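Below: the structure, in structure tokens.
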Number of protein chains: 2
Amino acid sequence: MAKRGVIIVAGGAGRRMGATLPKQFMMLGNEPILARSINRIHEALPAAEIVVVLPREHVELWRNIAARFEVAEHKIALGGQERFHSVRNGLQALSQDVEYVGIHDGVRPLASKKLIIRLMLEAEQHPAVIPVVAPPDSYRVVEGEHSHIIDRSTLRIVQTPQVFQAATLLKAYEQPFSAAFTDDASVVEMAGEKITLVEGERENIKITTPADMIIAEAIIKAQDEE
Amino acid sequence: MAKRGVIIVAGGAGRRMGATLPKQFMMLGNEPILARSINRIHEALPAAEIVVVLPREHVELWRNIAARFEVAEHKIALGGQERFHSVRNGLQALSQDVEYVGIHDGVRPLASKKLIIRLMLEAEQHPAVIPVVAPPDSYRVVEGEHSHIIDRSTLRIVQTPQVFQAATLLKAYEQPFSAAFTDDASVVEMAGEKITLVEGERENIKITTPADMIIAEAIIKAQDEE
């Protein structure tokens, strides 16, 4: 069976961290968000290697939190200055014989097992596979004092996990850092690879605000009732 | 005091309606979604005239539903072929002395009173005011077989209510219909007016999928607990 790895990015060098506890350590239902993200990946892919990338100053905190919950086995790698550097550190922590690599947000604990597996299988046919959903709202693009409407029918919300063939990903992460790397797929794209879009899930939200916590609690409750 | 009106758009001519009950008639907590949207506007602006735009085939259904709940006073106008036509019909149903007009989605029952009032007050200074929020996710633009990343820092999710000075709005809706009218603000913009962006609310979601219903129930529960 193909060997798979998943890098879960849970913060960089800490530049943007305030005094408050980062979202990934907060409780969602009966588990910290990051524990949920790790366990969901493990449930979907029991044989996958999991690497969690954490800012250096959060490693001890995470170890203390993780010791008090059931968290699937994972290695820890240190966060870098930008997400690009964090992912690169995570890649270095994976075994060399991994063939497919998922990169996932630590604050995205609601991706379904089905979605995670589907992305991994698609990556056997395509070098770079990312989940996207069509947005329900209208959008505008802001330019200084002005803004203009953008055709939402062409717009897609990009989620994680983003799954890549390992050779493609390793090659892409040999590039020097660029400010144009806005997500993992963009790094691979800058290296010349085509990105394959796969239908994601509305429920697979990124938890970044208190409102998102409320929304996530509700989704978990509904998922548990299924 | 300035006279205000709000048009709540709850469906056009019914082109996209399936066999299932449209979302605006579904129960959210103890009230139909559309009743919540109407009542929230009324709570924020007790003196405002409210016009609800409905497809002809849903008028009787709505009257039957509304009779069984506490719903603030409102007129009914008939939906047109496109949203543009629906809003135009709504405008014709408003009193001629209305000075400020809000246009709101019938399936957006979670806008706070504070937001609704703030938008109305901003419209006293600016002819066209719309609530927007910065998106937390990355986005791609799809073009045929390909897609490319878009700078999310310039992107804003557009919500409703969108509030306009009545003279501006009436003039804009004298234009012939164009497929470029993707929302109410775009109609006004095509008529040459500048659109003013105001910070919206993450919780002010548009309910379009079963997942959104779950999310909305959670937000309502949290708002009720406040």
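The values are calculated or read from the model by the stated rules, or taken from the named source; none is laboratory data. None of these values were measured; they are calculated from a predicted model. No Cβ is skipped: glycine too gets one built from the backbone with ideal geometry, and neighbour counts run over all protein chains shown. Side chains included, ligands, DNA and RNA excluded: accessible areas come from the protein's heavy atoms. Shrake-Rupley method; radii C 1.70, N 1.55, O 1.52, S 1.80 Å.
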* To do: Determine which member of the set A:ALA218, A:ALA222, A:ALA179 is out of contact with any Phe, Trp or Tyr (no Cβ under 9 Å at 6 or more places or on another chain) and over 22 Å from A:ILE38 (Cα atoms).
  => A:ALA179
* How do the strands (runs of 3 or more DSSP E) wholly within the range A:150-226 filter down when requiring 1 or more residues that are at the interface with chain B (Cβ under 9 Å from one of its Cβ atoms) and without any contact (Cβ under 8 Å) to a residue 40 or more places away in the chain: which remain? -> A:155-158
* Would a scan of the range A:180-197 turn up a residue that is under 30 Å from B:VAL107 (Cβ atoms), surrounded by fewer than 22 Cβ atoms within 10 Å (Cβ to Cβ) and at pLDDT 95 or above? -> yes
* Looking only at the range B:23-47, which residues are touching a Pro at 6+ places or on another chain (Cβ under 7 Å) and of a type in the set (A, V, I, L, M, F, W, C)? -> B:PHE25, B:MET26, B:LEU28, B:ILE33
* Determine which member of the set B:SER95, B:SER86 is open to solvent by 20 Å² or more (accessible area, probe 1.4 Å) and at pLDDT 95 or above. => B:SER95
* **Subset of the range A:114-149 (residues that are closer than 30 Å to A:ASN39 by Cβ, in a loop (DSSP other than H, G, I, E, B) and either open to solvent by less than 20 Å² (accessible area, probe 1.4 Å) or modelled with pLDDT under 95 (or both))** => A:ALA123, A:ALA134, A:PRO135, A:PRO136
